[in-house]
Amino acid sequence: MMTTLKWFAFAVAGISVALAADGARKVYPVPDKTSLELSVPTAWKDEVREGDRGMPPTIVFAPREGQTFQVLVTPIWRPRPDVPVPTAEQIRDSVQRVADQMKTQAVEKELPVVEFKGATGPGYYFSATDKAPAPNEFKYLTQGMLLVGELAVTFSILTNDGQEKVRDDALAMLKAATQTRL
């Protein structure tokens, strides 16, 4: 019995360490009486910035230490129950419009829209390299939208050279995002 309890305690400790290494599950309340749940990498800090003039709040992630980056996540809720949840086609079209607008500032001549699957819905994004980033600005942008339950979640991942893992971690966090009722 004692051996079983020690094994169980060791297993629970191991699971806790593994979860902490992967990320902490954080809950961000949304005004529609739901919440956006994200598994945030433990090396990241977060700040919720209230939107101006009725705009939704944005969750801003940055490193706790080291080379700077920003991941901006904005959950957009339906203003009324009779407003339909966006379709995959509407989300893709929205991301495509932004990608088309960004072409003039990007090194790339084409900015293909990439589809990915989230835990509860489809998502799309594109990546671009800034032609002429100003000092203290970011060189790389990955931007898109993902359906999380009934939330349309927009995101921007801003990085510099050598930060591909940040982009991968941010996309993994978004793919695993869920919406819950409060």
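Some values worked out for this structure:
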read-out: Residues located in the range 19-35, provided they are touching a Pro at 6+ places or on another chain (Cβ under 8 Å) and in contact (Cβ under 8 Å) with a residue 60 or more places away in the chain; value: Gly23, Val30, Ser35
read-out: Residue within the range 104-125 that is more than 19 Å from the chain's Cα centre (by Cα), surrounded by 13 or more Cβ atoms within 10 Å (Cβ to Cβ) and not in a loop (DSSP other than H, G, I, E, B) present; value: yes
read-out: Some residue of the range 49-68 being in a strand (DSSP E or B), at pLDDT 95 or above, under 19 Å from Tyr28 (Cβ atoms) and charged (D, E, K, R); value: yes
read-out: Among the residues listed as Thr142, Thr180, the single one being within 22 Å of Val85 (Cα to Cα) and either out of contact with any Pro (no Cβ under 8 Å at 6 or more places or on another chain) or outside any strand (DSSP E or B) (or both); value: Thr180
read-out: Single unsatisfied condition, Leu38 versus (1) outside any helix (DSSP H, G or I); (2) among the aliphatic types (A, V, I, L, M); (3) in contact with a Pro (Cβ under 9 Å, 6 or more places away or on another chain); value: (3)
read-out: Complete set of residues in the range 79-102 that are over 23 Å from Glu115 (Cα atoms) and in contact (Cβ under 8 Å) with a residue 40 or more places away in the chain; value: none
read-out: Condition broken by Val85, with the remaining ones in (1) in a strand (DSSP E or B); (2) touching an Asp or Glu at 6+ places or on another chain (Cβ under 6 Å); (3) within 16 Å of Thr154 (Cβ to Cβ) satisfied; value: (1)
read-out: The range 62-78: number of residues that are surrounded by 18 or more Cβ atoms within 10 Å (Cβ to Cβ) and either in contact with a Gly (Cβ under 6 Å, 6 or more places away or on another chain) or free of Cβ contacts under 8 Å to residues at least 60 places away in the same chain (or both); value: 0
read-out: Unique residue being aliphatic (A, V, I, L, M) and modelled with pLDDT of 95 or more when the list is Val17, Val12, Val107, Val30; value: Val107
read-out: Long-range neighbours under 8 Å by Cβ, at least six apart or interchain, first residue closer than 21 Å to Ile76 by Cβ and touching a residue at least 40 places away in the same chain (Cβ under 8 Å) within the range 155-177, second among the charged types (D, E, K, R) and in a helix (DSSP H, G or I); value: Ile157/Arg167
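For every residue, the table says whether it meets (1) among the hydrophobic types (A, V, I, L, M, F, W, C); (2) more than 15 Å from Leu171 (Cα to Cα).
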site	(1), (2)
Val30	yes, yes
Asp52	no, yes
Val71	yes, no
Asp82	no, yes
Val95	yes, yes
Ala99	yes, yes
Pro135	no, yes
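The values are calculated or read from the model by the stated rules, or taken from the named source; none is laboratory data. What you see is a predicted model, and the numbers here were worked out from it, not measured in a lab. Note: ideal-geometry Cβ built from the backbone for every residue, glycine included; neighbour counts use all protein chains shown.
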